[in-house]
Amino acid sequence: MPTPLKIAVCGASGRTGSRVAALAASDPRFHLLARVDRGRTAQFEDEVGACGAVIDFSVPEAAVRFAAACSRAKVAFISGTTGLSDVQRTQIAAGAKRAPVFLAPNFSKAMTLMMHLAAETARRLADYDVALIEKHHTAKKDAPSGTALRLAQAVMESRVAKEPVSTVSLRMGDMVGDHELLFVGPFERLSIAHQAQSRDVFAQGALEAAVWVAKKKPGLYDMLDLLILR
């Protein structure tokens, strides 16, 4: 049996981070070395060198610090933290010069395929109106969601006219995450939708990403690379 991949989980007390830690602890492919939260950044600096990969579902400010520590230690960094500013995203991505960095607002394989389909549909239905509806639990702070922003980006980058995609964000109950993209033209409309039924889909996806990217050279990667859709 291959040697288990030693990992740390940042944001391990959060909704998704706790599921990453739980799944990793019961998966023989992994050795969970540490569960890290914002108050343990200094201790994390001492622990990160022993890891083969670090999985992050924390908050933007902490994610930047965790990414910098991984870069210095040349350890793969996998992050699903959303709500990053452009500056914070650039800071995290800069670590890819020294270590593999895997950034994804959503680790679902089906959602990744939806993003691919969104780009292709936007290109082929270039004159259709587009709107996006996304729904998450009431505790989610960022709106639109990171996934919604990536879907909108996929649409805009596929069209000559880079018009913003009209987006509606709803925060309701304990919804894990629903996204629906609507293309509306003369006499017809097309809907592409995805519903996440459990946070385990994101947690398991992040673990799969860790196994994959830990073997890669320094660089910036995402789910499109993992599924060979780029």
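Annotation: His31 fulfils all but one of (1) touching a strand residue (DSSP E or B) at 6+ places or on another chain (Cβ under 9 Å); (2) over 30 Å from Ala193 (Cβ atoms); (3) assigned to a helix (DSSP H, G or I); the unmet one is (3). Test Ala154 against the stated conditions and say whether it is surrounded by 13 or more Cβ atoms within 10 Å (Cβ to Cβ), in contact (Cβ under 8 Å) with a residue 12 or more places away in the chain and in the same structural domain as Pro28 (by TED's automatic domain parsing). When the stated conditions are applied, Ala154 does not pass them. Being loosely packed, with under 15 Cβ neighbours inside 10 Å, in contact with an Asp or Glu (Cβ under 9 Å, 6 or more places away or on another chain) and free of Cβ contacts under 8 Å to residues at least 40 places away in the same chain holds for only one residue in Val160, Val168, Val184, and it is Val168. Within the range 66-82, the set of residues being crowded, with 17+ Cβ neighbours inside 10 Å and not hydrophobic (A, V, I, L, M, F, W, C) comprises Ser71, Ser79, Gly80, Thr81, Thr82. If you go through the range 112-171 and pick out every residue that is of a type in the set (Lys, Arg) and either touching a Pro at 6+ places or on another chain (Cβ under 6 Å) or in a helix (DSSP H, G or I) (or both), you end up with 3.
Within this structure, Phe107 passes the test of being under 18 Å from the mean Cα position of the chain (by Cα), buried (at least 22 other Cβ atoms within 10 Å of the Cβ) and outside any strand (DSSP E or B).
Taken together, Ile55, Ile92 contain a single residue that is over 16 Å from Trp212 (Cα atoms), outside the structural domain of His116 (by TED's automatic domain parsing) and surrounded by 23 or more Cβ atoms within 10 Å (Cβ to Cβ), which is Ile92. A search for C-beta distances below 6 Å between a residue of the range 80-97 that is free of Cβ contacts under 8 Å to residues at least 40 places away in the same chain and any residue that is part of a helix (DSSP H, G or I) and of a type in the set (S, T, N, Q), counting only pairs 6+ apart in sequence or on different chains, returns Gly95/Ser71. Of Phe102, Phe44, Phe66, all but one fail to be aromatic (Phe, Trp, Tyr) and not in a helix (DSSP H, G or I); the exception is Phe102.
Among residues of the range 207-230 that are assigned to a loop (DSSP other than H, G, I, E, B), those with a beta-carbon under 8 Å from a residue that is surrounded by 20 or more Cβ atoms within 10 Å (Cβ to Cβ) and aromatic (Phe, Trp, Tyr) at least six positions away or on a different chain give the pairs Asp222/Phe102.
Residues of the range 62-82 that are hydrophobic (A, V, I, L, M, F, W, C) and farther than 17 Å from Leu5 by Cα: Ala62, Ala63, Val64, Phe66, Ala67, Ala68, Ala69.
The values are calculated or read from the model by the stated rules, or taken from the named source; none is laboratory data. A quick note: this is a predicted structure, and the numbers were derived from the prediction, not measured. We place every Cβ from the backbone using ideal geometry, glycine too, and count neighbours over all the protein chains shown.
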